[in-house]
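Here's the structure we're looking at; comments come further down.
Quick note: the coordinates plus some simple rules give every number you see, no bench work behind them. Bear in mind that the values here come from a model prediction, so they are computed numbers and not experimental data. Positions of Cβ are backbone-derived with ideal geometry, glycine not excepted, and every protein chain shown enters the neighbour counts.
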């Protein structure tokens with residue numbers, strides 16, 4: 001039985017408006033097998049030093065805002081990653097995540113997040129013309145682990161806005 005069927009997503013996904021079958025692209029029931037297959041294809045870098053990770057994905061399933069600031073600070077201290085990607089729907093409450101995560105937005109709240117100083121990852125309607133999409137995974141066919149643009153605003157990095165059309169089996173549910 002999945003977390004969705006048990007209705008336990010709130011503690012993992014926080015305030016995400018896409019949870020509960022409302023457009024989330026994450027397929028919890030498929031994730032373990034997908035990771036296992038990717039590992040056996042060689043898609044995961046083997047760690048030679050368990051205390052150092054070159055690249056990481058923060059919150060591959062779940063919102064980083066579901067952790068306390070103290071837990072998050074300790075986690076990032078231990079992670080010791082050079083680069084990372086991360087997204088949060090809790091950008092209104094967890095301003096301290098701005099350093100590490102992009103605000104995950106839709107057209108409804110994207111400008112508000114930008115006005116608050118967040119870099120944003122804006123999910124557009126599935127029928128969005130490609131000239132309005134600037135996510136390199138779509139425009140250049142490269143994977144996130146090569147791009148690494150979605151890492152918040154570490155240091156004095158310029159604020160940015162990355163856009164992508166909603167995708168996956170539930171894409172049409174994002175905008176009703």
In which sequence would 108, 53 go, from the one with the fewest C-beta neighbours within 10 Å to the one with the most? 108, 53
Protection proxy ranking, peptides 69-75, 109-115, average beta carbon neighbours within 10 Å, highest first: 109-115, 69-75
Stokes-Einstein diffusion coefficient for segment 87-176 at 4 °C in a medium of 1.567 mPa s, Rh from the Kirkwood formula over Cα pairs: what value in µm²/s? 96 µm²/s
Specify, per residue and in Å³, the volume enclosed by the convex hull of the alpha carbon atoms belonging to segment 32-125. 119 Å³
Sequence gap at least 6, Cα distance under 8 Å: using those rules, report the relative contact order of segment 46-176 to the nearest whole percent. 23 percent
Within segment 156-171, what residues put their amide N at less than 19 Å from the label point 7 Å along the Cα-to-Cβ vector of residue 131? 163-165
